[in-house]
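Take a look at the structure below.
The values are calculated or read from the model by the stated rules, or taken from the named source; none is laboratory data. What you see is a predicted model, and the numbers here were worked out from it, not measured in a lab. No Cβ is skipped: glycine too gets one built from the backbone with ideal geometry, and neighbour counts run over all protein chains shown. When the accessible area is computed, the model is the full protein with side chains, heavy atoms only, and any ligands, DNA or RNA have been set aside. Shrake-Rupley method; radii C 1.70, N 1.55, O 1.52, S 1.80 Å.
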Amino acid sequence: MIKVLLVEDEEAILLGLQYCLEQEGFLCYCAPCGEEALKIASLKEIDIALLDLNLPDMNGFQVMENLRKMKDFPVLFLTANLEEVSIVKGLDMGADDYITKPFKTRELISRMRAVLRRKKKNVGNLIHLGKVVIDLNSAKVLKDNKDVMLTALEYKILLTLALNPNMVFTREKILADIWDVNEEYVNDNTLTVYIKRIREKIEDDVNHPKIIITVRGVGYKVGDDF
Ligand code: CA
């Protein structure tokens, strides 16, 4: 689930945005001022921030500057008029995009998705799963910045799941997907063994896995709550 930090002091806009985004499956953290936004960003994992420029305690640029010191997620400014647009463009502070109020939710969401897609490419095709990072370019997996040694088959199974977060894969589907890298015969029982081995390498607690989740009677998925 994509986690959005919404920073806007006009309550009607804030609640409207929250409602629309939640309908579309986003998870929203709402802040009516800069200070609250920074507090949330320090506590929560955020994928993207929507930032109003005119806030009661500090302006959007200051909020962004402070956010950038903490974490590197894309920021999309919500601007009220053309004057603000020209400021955003002129400052070139590295905002990822802006949108002028009033805007259509459809347009906002497609801009957000575009920014998120671009950002993913920019960081060299990394998939973040909590402490675990999959580097698609080098086909390496890191946990707490240390190499995790996975076999080709284990990597393929993890990748199959991680590329589609929250999608439940049946055991049959996983077996079909890994067939081409598979030199040894993998059947339903050995798949269980492989999943167990991957978990031993990437999970903090194999008895309570947070990355590869078992969906009883169906198969497995990579969750998004690490
Ligand atoms: Ca405002």
query = Shape call for region 12-52 from the C-alpha gyration tensor, a ≥ b ≥ c root eigenvalues: rounded (a/c under 1.5), prolate (a/b greater than b/c) or oblate?
reply = oblate
note = Cα-Cα longer than 28 Å, checked against Lys39/Lys156; Lys104/Lys210; Lys104/Lys156; Lys39/Lys196; Lys131/Lys196; Lys119/Lys196, kept in input order, equals Lys39/Lys156; Lys104/Lys210; Lys104/Lys156; Lys39/Lys196; Lys119/Lys196
note = Answer in debye to the nearest 20: the dipole magnitude of region 1-155 about its Cα centre, from +1 Lys/Arg and -1 Asp/Glu charges placed on Cβ, is 800
ask   = Among 16-25, 217-226, how do they line up from the highest to the lowest mean number of other beta-carbon atoms within 10 Å?
value = 217-226, 16-25
ask   = Under 5 Å between amide H atoms, partner at least 5 residues away or on a different chain: which partners does Cys28 have, H built in plane at 1.01 Å?
value = Val4
query = For Lys101, what accessible area in Å² do you get when you roll a 1.4 Å probe over the heavy atoms of the protein chains, rounding to the nearest 10?
reply = 40
query = Compactness ratio of the chain: Cα Rg over 2.2 N^0.38 Å, N = residue count?
reply = 1.19
ask   = When averaged across all projection directions, what area in nm² does the alpha-carbon convex hull of region 1-93 cover?
value = 5.6
query = Name the trypsin sites (Lys or Arg not before Pro) in region 54-154 that are in a loop by DSSP and that have at most 13 other C-beta atoms within 10 Å, would you?
reply = Lys71, Lys104
remark   = The distance between the Cα centres of region 51-92 and region 100-116, in whole Å, is 16
